[in-house]
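Visitor: Sharing a structure here in structure tokens format.
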Amino acid sequence: MDTKLLFQDPAAFTTPLLAVFAVDSATGKDAPPAPTLLTTSATISKAAAQVLASGEFKAALGETAVIHAPAGFLAERLLLVGLGKAKSLSLDELRKGGGTALRAAKPRGLRALAIAFPELSPISGSSLHAHDASRVLIEGAALADIDYDIYKTDRKDLAVHSTTLLVPESLHLFGNDIAAGFTEGLVLAAGQNFTRSLVNEPGNVLTPTVLGERTAAMCAEVGLKCEVYSTEKLHELKMGAFWAVSQGSAEPPALIVMTYDPPVVEGQSAPPEGSPVIGLVGKGITFDTGGISIKPADGMEKMKYDMAGAGAMIGAMRAIAELKPAVKVISVICSAENMPDGKAFKPGDVVTAMSGKTIEIINTDAEGRLVLSDGLHYAKTLGCTHLINAATLTGAVAIALGKLNVGLFSNDDATTEKFLGGLALTGEKYWRLPCTDDYRDQIKSQIADIQNTGITRYGGSITAAMFLKEFVGDTPWIHLDIAALAWNDEAKPWLASGPSGIGVRSIVEWVRSYAR
Ligand code: BES
Ligand code: MN
Ligand code: ZN
């Protein structure tokens, strides 16, 4: 999609569809909806007056109304896009508004769209910054442009070719901020869309080897260093846990290491001693049958998205390469296919992780924590001072938190605070769950150091986190269990159903918080 930012009066722009935002500024529970346009343009207000007066359009989030041939415009259609209640207007609603505008154009077969940058002066008390508003609007539009129909032979290509953000006169003062936010939004959306394109792929297409190839190609494009290793390297590094998971598959595993080095600062040959090195570790199971502890057939097809944690890290690295924060970042992706086979690992097996810890396998379906245990340890040996991992780790996290919040686990409050600090901008939701040492008994093994599942089913997401914690030691670490949010079963007015790309935005924001 071609995107443009223009400082121009929206009414004087030629386009098939001009989107204008509206909020509901009704106060009080029983007050009737009071749709208010986020514009100071008399031309726009006049053209929309009848529809607003009709009461048909209530400015609810995701709601739209179309006015054909509006008087006084060069645009062929005016599209009203609801953002919900004025009082609670947040950046995430603006992001969804940008997406809703774009997805209104698609089914109408319109190839171009213009969006009037919202003027917040008609509502009081809003503290949204022009930079952030610009970023989320174009981010939302770029995310909304994708539909996951590449495997349909009767695919209707409805992609919007051109989106223009029109900044009215009253906001020209903030031009530089708006331009910077615009670029940033496009970079973030490109990263997240890359993640989504990987997660969408079926297991027969996206094997660990192919994931390595696609990651390497992306890295070459954006200037990241990338190494892809397979079985021999796992043996060399003594990654007994990662290798155990891969051993039942005819598809070789892939250990992918991406490195981002910040640009050299003038007069400084290297980053100062003791600068943080951020480690992004991803679970990349390209298909999870459960292995010998095989999963039931019902819904097993979903397990193609068991590499969404890896996908999130790869998309985040893409965005980081383009945003160029002044902090070093290393990403370790552990990719394998979990299959039952004569060569597969079995319940009762004892394996030795790279760290030297021995693990009794209770259930081969608890494979994600095994590959991550070696990935996290390896990231530490590469010099990472702060670690984050993302993984579709447990079904239990959906039981605990539903499909609204990602489960967040950490061994460090300050690191967690830094992560949560980015969420007002990213709009993603995370909820911290405990992984305190009083849970450690749950993963004690009779014959090895630890076992790969809890003694009971209770707190399944927590015991999984406890397992990972064994391998990070004192290094500040965050674990994101994204199992419940990596795939959207339902389409939204602002987003297609399918892979969500959850994690990318917030992980990037967290990394940026460490920049010098
Ligand atoms: N990949 C699954 C978790 C999952 C479930 C992801 C649903 C996405 C949607 C993971 O490898 C797994 O199988 N976990 C087991 C752990 C159990 C054996 C302790 C689970 O959640 O049942
Ligand atoms: Mn599993
Ligand atoms: Zn899995």
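Visitor: Scan segment 290-307 residue by residue and report those that are closer than 23 Å to Thr215 by Cβ and near ligand 3 (Cβ under 10 Å from one of its atoms). Break it down into steps so the answer makes sense when it comes.
Guide: First, pick out the residues of segment 290-307 that are closer than 23 Å to Thr215 by Cβ: 302-307.
Residues satisfying the conditions are Met303, Tyr305, Asp306, Met307.
Visitor: Filter the strands (runs of 3 or more DSSP E) completely within segment 191-308 down to those with at least 3 residues that are touching a strand residue (DSSP E or B) at 6+ places or on another chain (Cβ under 9 Å), within 16 Å of ligand 2 (Cβ to nearest atom) and under 28 Å from Val351 (Cβ atoms). Before you say what the answer is, go through the steps one by one.
Guide: Working: elements: 225-229, 254-260, 277-288.
Output list reads 277-288.
One line per residue, one yes/no per condition, for (1) touching an Asp or Glu at 6+ places or on another chain (Cβ under 9 Å); (2) farther than 14 Å from Thr39 by Cβ:
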residue: Asp92; (1), (2): yes, yes
residue: Arg108; (1), (2): no, yes
residue: Ser121; (1), (2): no, no
residue: Ala130; (1), (2): yes, yes
residue: Val136; (1), (2): yes, yes
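Visitor: Something else about it: Out of curiosity, is Ala319 closer than 30 Å to Phe182 by Cα, more than 11 Å from ligand 1 (Cβ to nearest atom) and in a loop (DSSP other than H, G, I, E, B)?
Guide: So Ala319 fails the test.
Visitor: Please go through (1) at pLDDT 95 or above; (2) more than 16 Å from ligand 1 (Cβ to nearest atom); (3) crowded, with 16+ Cβ neighbours inside 10 Å for Pro271 and return the number of the only condition it doesn't satisfy.
Guide: Checking Pro271 against (1) at pLDDT 95 or above; (2) more than 16 Å from ligand 1 (Cβ to nearest atom); (3) crowded, with 16+ Cβ neighbours inside 10 Å, the one that fails is (1).
Visitor: Kindly provide the set of residues from segment 457-494 that are over 15 Å from Arg440 (Cβ atoms) and of a type in the set (Val, Ile, Thr), ordered by number.
Guide: Thr475, Ile478, Ile482
Visitor: Restricting attention to segment 366-384, which residues are within 16 Å of ligand 3 (Cβ to nearest atom) and surrounded by fewer than 20 Cβ atoms within 10 Å (Cβ to Cβ)?
Guide: Answer for segment 366-384, where residues must be within 16 Å of ligand 3 (Cβ to nearest atom) and surrounded by fewer than 20 Cβ atoms within 10 Å (Cβ to Cβ): there is none.
Visitor: Right, here's the next one. From the list Ala26, Ala11, which one is closer than 28 Å to Ala179 by Cβ and surrounded by 16 or more Cβ atoms within 10 Å (Cβ to Cβ)? First the steps, then the outcome.
Guide: On the way: Ala26 fails: closer than 28 Å to Ala179 by Cβ.
From the options Ala26, Ala11, the qualifying one is Ala11.
Visitor: Please specify each residue of segment 449-468 satisfying the condition of being touching a residue at least 24 places away in the same chain (Cβ under 8 Å), over 9 Å from Arg369 (Cα atoms) and not acidic (Asp, Glu). Spell out how you get there, then give the answer.
Guide: Residues of segment 449-468 touching a residue at least 24 places away in the same chain (Cβ under 8 Å): 449-453, 457, 459-468.
Subset that is over 9 Å from Arg369 (Cα atoms): 449-451, 453, 457, 459-463, 466.
Within segment 449-468, Ile450, Gln451, Thr453, Arg457, Gly459, Gly460, Ser461, Ile462, Thr463, Met466 qualify.
Visitor: Residue by residue through segment 19-40, note down the ones that are among the hydrophobic types (A, V, I, L, M, F, W, C) and either within 13 Å of Leu83 (Cβ to Cβ) or touching a helix residue (DSSP H, G or I) at 6+ places or on another chain (Cβ under 6 Å) (or both).
Guide: Once the filter is applied, which keeps residues that are among the hydrophobic types (A, V, I, L, M, F, W, C) and either within 13 Å of Leu83 (Cβ to Cβ) or touching a helix residue (DSSP H, G or I) at 6+ places or on another chain (Cβ under 6 Å) (or both), segment 19-40 yields Ala19, Val20, Phe21, Ala22, Val23, Leu37, Leu38.
Visitor: Then there's this: Counting only residues that are under 21 Å from Leu94 (Cα atoms) and free of Cβ contacts under 8 Å to residues at least 60 places away in the same chain, give me the strands (runs of 3 or more DSSP E) lying completely in segment 16-83 with at least 2 of them. Don't jump to the end; show me each part of the working.
Guide: Values: elements: 18-24, 35-37, 64-68.
Output list reads 64-68.
Visitor: Leu393 fails exactly one of the following numbered conditions: (1) under 30 Å from Asp298 (Cα atoms); (2) more than 16 Å from ligand 3 (Cβ to nearest atom); (3) surrounded by 21 or more Cβ atoms within 10 Å (Cβ to Cβ). What is the number of that condition?
Guide: (2)
Visitor: Going by what's in this entry, would Ala464 be described as closer than 28 Å to Met239 by Cβ, over 20 Å from the mean Cα position of the chain (by Cα) and of a type outside the set (S, T, N, Q)? Quick ask: steps written out before the conclusion?
Guide: Details: closer than 28 Å to Met239 by Cβ: yes; over 20 Å from the mean Cα position of the chain (by Cα): yes; of a type outside the set (S, T, N, Q): yes.
Yes; evaluated as a whole, the condition is true for this residue.
Visitor: Shifting gears a bit: Taking segment 390-413, which residues are within 16 Å of ligand 2 (Cβ to nearest atom) and out of contact with any Ser or Thr (no Cβ under 6 Å at 6 or more places or on another chain)?
Guide: Answer for segment 390-413, where residues must be within 16 Å of ligand 2 (Cβ to nearest atom) and out of contact with any Ser or Thr (no Cβ under 6 Å at 6 or more places or on another chain): Ala390, Ala391, Thr392, Leu393, Gly395, Ala398, Ile399.
Visitor: Output the residue which, of all residues in segment 352-361 that are out of contact with any Pro (no Cβ under 6 Å at 6 or more places or on another chain) and within 16 Å of ligand 1 (Cβ to nearest atom), is nearest to His377 (Cα to Cα).
Guide: If we filter segment 352-361 for residues that are out of contact with any Pro (no Cβ under 6 Å at 6 or more places or on another chain), which is where we start, we get 352-360.
Remaining after also requiring within 16 Å of ligand 1 (Cβ to nearest atom): 359-360.
Numbers: Ile359: 14, Glu360: 18 Å.
The residue in question is Ile359.
Visitor: Quickly run through segment 454-497 and pick out the residues that are among the polar types (S, T, N, Q) and surrounded by fewer than 22 Cβ atoms within 10 Å (Cβ to Cβ).
Guide: Step one: filter segment 454-497 for residues among the polar types (S, T, N, Q), giving 456, 461, 463, 475, 488, 497.
Those that are among the polar types (S, T, N, Q) and surrounded by fewer than 22 Cβ atoms within 10 Å (Cβ to Cβ): Thr456, Thr475, Asn488, Ser497.
The values are calculated or read from the model by the stated rules, or taken from the named source; none is laboratory data. Only a predicted model underlies this, so the values are computations on that prediction, with no experimental measurement involved. Heads up, the Cβs are rebuilt from the backbone with ideal geometry, glycines too, and the neighbour counts pull from every protein chain shown.
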